[in-house]
Structures are given as structure tokens and as C-alpha cells.
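The values are calculated or read from the model by the stated rules, or taken from the named source; none is laboratory data. Small disclaimer: the values here were computed from a predicted structure and weren't measured. In this analysis, Cβ positions are derived from the backbone assuming ideal geometry, glycine residues included, and neighbour counts consider all displayed protein chains. Accessible surface is based on the protein model in full, side chains and every heavy atom, while ligands, DNA and RNA are left aside. Shrake-Rupley method; radii C 1.70, N 1.55, O 1.52, S 1.80 Å.
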Amino acid sequence: RGSAYMWKNYRENGEDDVLTIHAGCGSKRAFKILGTFFMRDWPGPFQEHRSFWDPLTPREDHFDEMQRQLEAQTLQSFRLRHLKELYAHEREVMRELQGERAVDWLLRQQIVHLQSLMEA
């Protein structure tokens, strides 16, 4: 019942493996639950940062800061481009599971979420 997938995001030489770039797709026949579990070989083939990447935390190094700003803008653009489709799918699932009253509640939550993204 169900499936699970696991893969490494890098090759044996430490380079990123572009074949692992992916996007989550919706299920056409069943309800889909997604969980992410990160496992690492220590120390990893990548440069360690002082903390997990946070688009709101400025970096001291000028070039790192430029990269952070670019990544933050790209992430924001991605979110806004795909949010309408995601929100519609969430409402469809909520309608099937809980009915129209729950959809009204979800819509209010989505508006609050969208407003918070626009403020960032």
C-alpha cells in the first residue's frame, strides 16, 4: 500500500546531480501525503553554513549576500506563480473531506497566508 522514494542529490564526486531536480505532482486517483526526511553523509559534499538557509537572514560576505537576495527573490517569484494552483487544489481536497463550510475557513487562511507573503 503506497510508495516511498529515496535518492541522493549528488554524485560520487560531490557534484550536484541535476537528474534529481524534481517537482511534486498531484495524485489523480488518491490522496497524497508528502513527507521529507533529509539524511546526510557527514560532512557532505557542500559548504556548511552557520545555520540552515534562511532568506531573511543577511550574510556578512558581499557575494553571499547577493546570492541570498537572488535566491530569496527567486523563491518568492516561484511561490507566487504557483500559489493560485496550490490554493485551488487545497480547497478542492477540503471540499471533498470536510464540505463547503471548511472551504470558507480555508479560504480565509489562504488570504492571510498570501498577505504575509506579500509583506515579506
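Numerical summary
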{"item": "Chain lengthening between Met118 and Glu15 when straightened (0.36 nm per residue, less Cα-Cα)", "result": "33.6 nm"}
{"item": "Heavy atoms of Leu107 accessible to a 1.4 Å probe, total area in Å² rounded to 10", "result": "80 Å²"}
{"item": "Förster-model FRET efficiency, 25 Å R0, Val93 and Leu70, C-beta, rounded to 0.05", "result": "0.15"}
{"item": "Amide H contacts under 5 Å for Tyr10, placed H, 5+ residues apart", "result": "Asp17"}
